[in-house]
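Some notes on the structure that comes next.
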Amino acid sequence: MSDLKKHFLDVDLFEKDYILEILNKTSKLKISNRKENFNKNICALFYEDSTRTKLSFEKASNNLGLKFHNLDGSKSSKNKGESFYNTLKTIDSIGMDLIIIRHPSSGASHFAAKHVTSSVLNAGDGSHAHPTQTIADLFTIYEKNKNFDNLEISIVGDFIFSRVARSNIIGFIKMGCNVNILGPKELISDEILQAYEFLNKKNSGKIKIYDELEKPILNSDIIMPLRIQKERFNNNFDVDFEKYQNNWKIDEDLIEKCKKNVLIMHPGPVNEEIEISHKLVHSDKSLINNQVKNGVYVRQIIIESLLGK
Ligand code: CP
């Protein structure tokens, strides 16, 4: 089996057709709600907090009849000095078919994939990637729209530390959307600007970058505010949250000025009243709960494709 089919590490490794295949299989699964009876073992190795990703992987695994083993990184023998490498080797020796990893370091899942015999699935690595969130978000759009071509998506917020931002921008562009990147200068570094400008050259100007909010979102079909990843700030970095709230929060007044059918997405968790108002999160424009619900179905399809029937 090729490494691309064995592991699930990032959307930039996948062709558009492969993503579409996952979306189509997810559509069918959502209708049939079929269950399976795999006799295989999964280990969730999470070194960071999670609500929706971990729980949806567990539910998806249960639907597939898998044995789900939970190793909480913060309570593992890491606290006795065991290295990440030796933790992986230990899990591998115990015997797992798939290890699902969430880790604060970018590249942790790629590292793991090189050193274990099982499949590896990236459930979020540092500021790098969160591919299953992107597939859940793409499916949520696909379910509503059936077409990605030239759909205009404005992503607002933290482009330095958000792994969802990076994976979603790549995923949205790959599927044919136009993406607006909106945020204050301190949350879009020069390095990030250069990376997106490079990506833009390869994708015929589908990415636009702004340091203002109102004008770019007026024509958007989807607006996706992001949480500021405060837990990843180092000592030399800070953001004025009050200023951010005043200048970048998405609320009902702003949405009134946008397209009538504009939809709101957010990968979660939400910090209400900082990046988005409580009212909008729970409004009929919000697809946030759909994203969470769809996360179970896409993860079921992805695990199934990794483990084979
Ligand atoms: N979107 C996301 O990764 O949420 P959790 O941290 O709750 O898993």
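The values are calculated or read from the model by the stated rules, or taken from the named source; none is laboratory data. What you see is a predicted model; the values in this text were computed from it and never measured. With ideal geometry, Cβ positions are generated from the backbone for all residues, glycine too; neighbour counts draw on all protein chains shown. Note: areas computed on protein heavy atoms with side chains; ligands, DNA, RNA excluded. Shrake-Rupley method; radii C 1.70, N 1.55, O 1.52, S 1.80 Å.
Things to note:
- Simple point charges give the picture: +1 on the Cβ of Lys and Arg, -1 on the Cβ of Asp and Glu, and for segment 88-232 a dipole about the Cα centre of about 260 debye.
- Separation of alpha-carbon centers, segment 181-207 and segment 60-86, rounded to whole Å: 36 Å
- Pairs of Cα atoms nearer than 8 Å and 6+ residues apart set the relative contact order; for segment 131-287 it is 24 percent.
- Ellipticity estimate at 222 nm from DSSP helix runs (n ≥ 4, -39,500 (n - 2.57)) divided over the chain, nearest 500: -13000 deg cm²/dmol
- Reachable aspartates and glutamates from Lys35, criterion Cα separation under 13 angstrom, eight or more residues apart if same chain: Glu304
- Shown is the FRET efficiency for Asp12 and Ser77, computed with R0 = 22 Å from the Cβ-Cβ distance and rounded to the nearest 0.05: 0.10.
- Relative to the longest principal axis of the Cα atoms of the chain, the long axis of helix 190-202 makes an angle of roughly 90 degrees.
- Rounded to 0.05, the FRET efficiency of the Asn70 and Glu21 pair, given R0 = 25 Å and the Cβ-Cβ distance, is 0.25.
- When all alpha carbon pairs of segment 189-273 are counted in 10 Å bins from zero, the resulting P(r) reads 13, 38, 39, 10, 0 %.
- Protein accessible area in the chain, 1.4 Å probe - carbon and sulfur %: 47 percent
- Taking every protein chain into account, the accessible area of segment 174-284 amounts to 56 square angstrom per residue (probe 1.4 Å).
- Measuring against 23 Å, Cα to Cα, the residue pairs Lys114/Lys202; Lys208/Lys230; Lys16/Lys185; Lys6/Lys40; Lys6/Lys67 contain Lys114/Lys202; Lys208/Lys230; Lys16/Lys185 as the ones spanning a longer distance.
- Segment 1-116, dipole about Cα centre (Lys/Arg Cβ +1, Asp/Glu Cβ -1), debye to the nearest 20: 420 debye
- Proximal charge balance of Gly176 [Cβ under 9 Å; K/R count +1, D/E count -1]: +2
- Simple spin-label estimate for Lys260 and Asn33 gives 3.4 nm between the two label positions (7 Å along the Cα-to-Cβ direction from each Cα).
- Once the Cα-Cα distance is subtracted from the 0.36 nm per residue extended length, the Glu214 to Phe233 segment shows a gain of 4.2 nm.
- Cα gyration tensor category, rounded, prolate or oblate, for segment 221-309 with a/c compared to 1.5: oblate
- Summing +1 for each Lys or Arg and -1 for each Asp or Glu among the other residues whose beta-carbon sits under 14 angstrom from that of Thr140 gives +4.
- Residue-count net charge about Lys28 - beta-carbon cut-off 13 Å; Lys, Arg +1, Asp, Glu -1: 0
- In degrees, nearest ten, helix 52-63 long axis to first principal axis of the chain (Cα): 50 degrees
- Gyration tensor verdict on segment 69-164 (Cα atoms; rounded if a/c is under 1.5, prolate if a/b is larger than b/c, oblate otherwise): prolate
- Contact order, relative form, for the chain: 20 percent (alpha carbon pairs under 8 Å, 6 or more residues apart, mean separation divided by residue count).
- In angstrom, the C-alpha Rg and Dmax of the chain are 19.2, 58.
- The number of Lys pairs in segment 255-309 with C-alpha atoms less than 28 Å apart, excluding pairs fewer than 8 positions apart on the same chain, is 11.
- Rounded to the nearest 20, the Cβ-based charge dipole of segment 217-287 about its Cα centre (Lys and Arg +1, Asp and Glu -1) stands at 220 debye.
- Cα centroid separation, segment 247-309 to segment 154-173 (Å): 14 Å
- Helix axis angle, 163-175 relative to the chain longest principal axis, alpha carbon, degrees: 80 degrees
- Inverse mean reciprocal Cα-Cα distance (Kirkwood Rh) of segment 131-287, Å: 15.7 Å
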